[in-house]
Amino acid sequence: MSANPFSLEGKVALVTGGNAGLGQAIAVALAQAGADIVSTSRRPASETQVQVTALGRRFLALSADLTTTAPIAGIVEQAIAFGGLDILVNNAGIIRRADSVDFTEADWDDVIDTNLKSAFFLAQASGRHMIAEGRGKIINIASMLSFQGGIRVPSYTASKSGLAGITRLLACEWAGKGINVNAIAPGYMTTDNTEALRADKARNQQILDRIPAGRWGEASDLGGAAVFLASSASDYVNGAIIPVDGGWLAR
Ligand code: NDP
């Protein structure tokens with residue numbers, strides 16, 4: 001056992017959507033702190049695997065489409081067989097944009113099923129194991145739209161507000177069982193998810209003008225919060241939703 005409260009030596013972290021964007025940066029940050037990584041993705045090749053194994057950590061790639069809950073039991077079983085399941089990062093997520101008057105049921109269901117339903121049932125399946133072990137860390141990747149309304153993203157706002165609520169609920173249910181359930185609310189980060197926003201020059205400038213830090217966030221900006229919430233340094237932090245947004249919500 002390391003004396004460093006931020007060390008993740010000997011831990012296994014399951015990161016959904018760990019092969020791209022924010023999930024990749026979180027997986028690499030957790031590996032830098034000492035964790036072995038189980039990453040789910042729908043794509044075969046993984047730059048994350050290259051980076052994690054270069055750090056001397058073990059890596060297990062699992063193929064899973066989280067639009068349905070069908071793969072969840074298998075994911076959790078395989079993570080446990082790989083070496084345990086100490087940390088779950090519910091990162092996989094999608095966004096659909098359209099005016100609310102035109103929003104389709106398919107765009108509602110896809111986003112809610114991926115961002116909220118699968119996240120809850122992954123927490124449930126992981127939580128059963130963690131409760132039996134008497135310890136565990138669950139980190140949900142929320143959003144500024146866990147706190148704000150936004151426009152033209154009704155299912156996304158509903159999913160991320162719901163995820164914030166579920167974070168608090170699970171924290172209340174499981175805090176006494178040695179489990180910490182918290183969330184990170186990223187601001188505007190440069191990933192594929194936000195490419196269209198950055199390509200729109202006027203919208204990009206509007207966003208930059210409102211961010212106190214004066215820049216978009218990089219995926220690596222989430223690493224510190226993720227390592228903190230995954231480590232014993234956060235043992236008395238429960239039900240928190242930590243903004244990592246360059247000051248956006250403070251404005
Ligand atoms: P990307 O589009 O770059 O990545 C999305 C991730 O989700 C990918 O790893 C993808 O995995 C996974 N994913 C999407 N759909 C599915 C699915 N049906 N089944 C399994 N995995 C899926 O987005 P980001 O990295 O930006 O987003 C990561 C998280 O951060 C999301 O929850 C997002 O809502 C949240 N967030 C992002 C912000 C930003 O500004 N970028 C701001 C606030 C929150 P793969 O394609 O490999 O299967």
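Worth a mention:
- Single residue of the range 187-211 satisfying the filter (outside any helix (DSSP H, G or I) and either more than 10 Å from the ligand (Cβ to nearest atom) or of a type in the set (Ser, Thr, Tyr) (or both)) that is surrounded by the fewest Cβ atoms within 10 Å (Cβ to Cβ): ASP200
- Residues that are within 6 Å of the ligand (Cβ to nearest atom) and in contact with an Asp or Glu (Cβ under 8 Å, 6 or more places away or on another chain), drawn from the range 85-99: ILE94
- Of all the listed residues (PHE147, PHE121), the sole one being under 19 Å from the mean Cα position of the chain (by Cα), within 14 Å of the ligand (Cβ to nearest atom), surrounded by 14 or more Cβ atoms within 10 Å (Cβ to Cβ) and within 22 Å of ILE80 (Cα to Cα) is PHE121.
- Condition check for GLY239: more than 16 Å from the ligand (Cβ to nearest atom), among the small types (Gly, Ala, Ser) and at pLDDT 95 or above: yes
Residue by residue, here is whether (1) small (Gly, Ala, Ser); (2) in contact with a strand residue (DSSP E or B) (Cβ under 8 Å, 6 or more places away or on another chain); (3) without any contact (Cβ under 8 Å) to a residue 24 or more places away in the chain holds:
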residue	(1), (2), (3)
ALA185	yes, yes, no
MET189	no, yes, no
ARG198	no, no, yes
ASN204	no, no, yes
GLY217	yes, yes, no
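- Condition check for GLY165: more than 20 Å from the chain's Cα centre (by Cα), surrounded by fewer than 20 Cβ atoms within 10 Å (Cβ to Cβ), more than 13 Å from the ligand (Cβ to nearest atom) and in a helix (DSSP H, G or I): no
- When the criteria are applied in full, GLY74 fails the requirement of being within 15 Å of the ligand (Cβ to nearest atom), in contact (Cβ under 8 Å) with a residue 60 or more places away in the chain and of a type outside the set (Phe, Trp, Tyr).
The values are calculated or read from the model by the stated rules, or taken from the named source; none is laboratory data. Keep in mind the model is a prediction, meaning the values are calculated, not measured. When we count neighbours, we look across all protein chains shown, and the Cβ atoms used for this are built from the backbone with ideal geometry, even at glycine.
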